[in-house]
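For reference, the structure discussed in these notes is given below.
The values are calculated or read from the model by the stated rules, or taken from the named source; none is laboratory data. In this text the structure is predicted, and so the values were computed from the model without any measurement. Every residue, glycine as well, gets a Cβ built from its backbone with ideal geometry; the counts of neighbours run over all protein chains shown.
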Amino acid sequence: MKIGIYGGAFDPFHNGHLSMIRGAIASKKVDKVIVIPTGMPCFKPARKVTLSPYRFYMVKAALKDEPKCEICDIEQVFGEPSYTAKTLENLRKQKIVSDKDELFLMCGSDILFEFESWYHPEEIVKQARLLCALRPGIDEGQARNEALHLEEKFDTKIKFFKIEGVDVASSVLRKQSVFDEDVPDIVAEFIKTHGLYCEDSPLMHVSDEMYKTLMKHCFTLFHEMSGKRLLHSMNVCVLATRYAIRFGADPDKCALAALLHDCAKELPEDYQIELSAKIIHGYIPGKQILHSPAGAVYAKEHYGVEDQEVLDAIQYHTIGREVMTETDKIVYLADKVEPARDYDDLTLIRKYAETDLDAALIECYCAIKESFAQKGMQIHDDTKKSLAYLLANRTQ
Ligand SMILES: [Fe+2]
Ligand SMILES: [Fe+2]
């Protein structure tokens with residue numbers, strides 16, 4: 001089989017990317033295309049690139065109905081910068097493609113002029129041939145001349161295919177923060193739902209060390225939980241960091257606790273019970289709550305979190321506790337109102353959370369109390385205590 005390999009940061013994925021994929025398939029030079037979003041960026045500082053799971057699931061959504069096209073998570077690994085030569089080698093090693101498959105590395109004509117400076121180009125051409133897109137308006141003669149030079153130098157053959165002209169660049173889109181015309185509808189929706197590219201990311205305010213830790217955990221979580229839950233956790237992380245900055249709490253602690261708050265939720269129930277029993281003695285917490293204490297233990301044992309304040313915020317994110325720390329409150333609220341949450345009218349809680357954490361928390365507890373009451377249920381005792389404490393200590 002002839003397989004096109006199309007890698008990139010896709011930050012964001014736009015119509016130009018789609019036209020590359022469709023053009024390659026339409027040219028019949030390849031039978032299918034494997035799209036590989038980069039994991040660890042190798043040419044840019046890590047903070048300049050959107051966290052990889054956001055980009056991965058954005059591309060996945062965009063390709064959902066695209067025929068002869070699949071997404072591959074081979075680069076979703078921490079600590080290994082995404083070098084093409086390595087990725088091509090790993091595709092064969094991991095049997096994602098077979099030895100019989102012929103690989104074509106898809107690229108724009110501009111890549112021809114920088115290919116020699118890539119990481120081990122001689123290794124790349126051993127694994128794959130270049131398949132170069134010709135857009136209307138580019139100097140085709142110049143591109144073909146450069147291709148001849150590369151063919152001679154690297155003893156390879158370069159193929160070309162024509163694509164429709166789609167004049168769009170991710171860097172320009174990010175700057176403009178306007179996407180509708182230039183990205184597939186589903187990508188525009190994804191960007192909106194997850195609040196991407198709309199402001200300087202709050203994560204710019206966590207320390208370098210913490211940013212690295214968050215990236216590392218994102219890669220681990222990517223392989224441990226569903227996309228939906230990971231995206232939720234990342235949204236909570238970004239929002240909790242924003243609240244931390246606003247309310248003078250510690251962005252590092254809030255970001256870490258928020259990212260990991262649901263880390264145990266998709267573990268087998270038996271295992272959650274076993275984990276939870278290490279800090280909750282004498283009874284098994286209810287099903288909805290179980291993942292909070294289990295998560296605190298799992299974050300410590302599996303993710304190496306030592307900071308008790310962070311572990312507490314994970315433990316109390318479902319029901320609260322009588323006296324909540326700032327970190328507890330922030331993680332609790334960010335979990336309830338992150339941008340992808342749409343199960344209720346959260347307008348008021350979101351509004352209060354901009355200026356007054358306690359007011360937001362009281363509003364949130366009261367909303368939960370009311371919805372429980374409608375079902376003939378009572379809120380958890382710890383939530384009651386937390387609400388009573390907040391009301392009793394309210395100064396305004
Ligand atoms: Fe949770
Ligand atoms: Fe959650």
Open item on the list: I'm told SER226 meets every condition in (1) farther than 22 Å from LYS329 by Cβ; (2) more than 23 Å from the chain's Cα centre (by Cα); (3) within 16 Å of ligand 1 (Cβ to nearest atom); (4) of a type in the set (Gly, Ala, Ser) except one. Can you identify the failing condition by its number?
Closed with: (2)
TODO: Tell me, please, whether a residue that is closer than 15 Å to GLY16 by Cβ, at pLDDT 85 or above and outside any strand (DSSP E or B) can be found in segment 146-164.
DONE: yes
- [ ] Within segment 12-49, track down each residue that is surrounded by 24 or more Cβ atoms within 10 Å (Cβ to Cβ) and either part of a loop (DSSP other than H, G, I, E, B) or of a type in the set (Lys, Arg) (or both).
- [x] PRO12, PHE13, VAL30, THR38, GLY39
Task: Scan of segment 73-91 for residues that are surrounded by fewer than 18 Cβ atoms within 10 Å (Cβ to Cβ), out of contact with any Pro (no Cβ under 9 Å at 6 or more places or on another chain) and in a loop (DSSP other than H, G, I, E, B), ordered by number - done: VAL77, PHE78, GLY79, GLU80
Task: Criterion violated by THR318 - all others in (1) assigned to a helix (DSSP H, G or I); (2) surrounded by 14 or more Cβ atoms within 10 Å (Cβ to Cβ) satisfied - done: (1)
Open item on the list: If I ask for residues that are of a type in the set (Gly, Ala, Ser) and either within 16 Å of ligand 2 (Cβ to nearest atom) or in contact (Cβ under 8 Å) with a residue 40 or more places away in the chain (or both), which ones from segment 324-363 would you list?
Closed with: ALA334, ALA340, ALA353
TODO: Would you mind finding the one in SER226, SER233, SER177, SER170 that is more than 29 Å from ALA133 (Cβ to Cβ) and either buried (at least 19 other Cβ atoms within 10 Å of the Cβ) or outside the structural domain of ILE330 (by TED's automatic domain parsing) (or both)?
DONE: SER233
TODO: Answer yes if at least one residue in segment 367-378 is surrounded by 14 or more Cβ atoms within 10 Å (Cβ to Cβ), assigned by TED's automatic domain parsing to the domain that holds LYS287 and over 30 Å from GLU189 (Cα atoms), and no otherwise.
DONE: yes
- [ ] Please work out if GLU75 is within 23 Å of LYS28 (Cβ to Cβ), of a type in the set (Asp, Glu), touching a strand residue (DSSP E or B) at 6+ places or on another chain (Cβ under 8 Å) and in the same structural domain as ALA26 (by TED's automatic domain parsing).
- [x] no
- [ ] Quick one: which helices (runs of 4 or more DSSP H) lie wholly within segment 333-396 and hold at least 1 residues that are within 18 Å of ILE245 (Cα to Cα)?
- [x] 347-353, 357-374
TODO: Using the structure shown, decide if ASP270 is acidic (Asp, Glu), more than 16 Å from ligand 1 (Cβ to nearest atom) and out of contact with any helix residue (DSSP H, G or I) (no Cβ under 8 Å at 6 or more places or on another chain).
DONE: yes
Task: Those residues of segment 260-273 which are in contact (Cβ under 8 Å) with a residue 12 or more places away in the chain, acidic (Asp, Glu) and more than 16 Å from ligand 2 (Cβ to nearest atom), in sequence order - done: GLU269
Open item on the list: So GLU70 passes all but one of these: (1) without any contact (Cβ under 8 Å) to a residue 24 or more places away in the chain; (2) outside any helix (DSSP H, G or I). Which condition number does it fail?
Closed with: (1)
- [ ] For MET324, work out the one condition from (1) more than 30 Å from CYS198 (Cα to Cα); (2) part of a helix (DSSP H, G or I); (3) at pLDDT 95 or above it doesn't fulfil.
- [x] (2)
TODO: Select from segment 280-310 the residues that are within 16 Å of ligand 2 (Cβ to nearest atom) and among the aliphatic types (A, V, I, L, M) and write down the one among them that is surrounded by the most Cβ atoms within 10 Å (Cβ to Cβ).
DONE: ALA296
- [ ] Give the residues of segment 287-332 that are of a type in the set (Ser, Thr, Tyr) and either more than 14 Å from ligand 1 (Cβ to nearest atom) or under 12 Å from LYS265 (Cα atoms) (or both), sorted by residue number.
- [x] SER292, TYR298, TYR303, THR318, THR325, THR327
Open item on the list: I need every pair where a residue in segment 237-253 that is basic (Lys, Arg) has its Cβ under 7 Å from the Cβ of a residue that is modelled with pLDDT under 95, sequence separation at least 6 or different chains.
Closed with: ARG242/PRO202
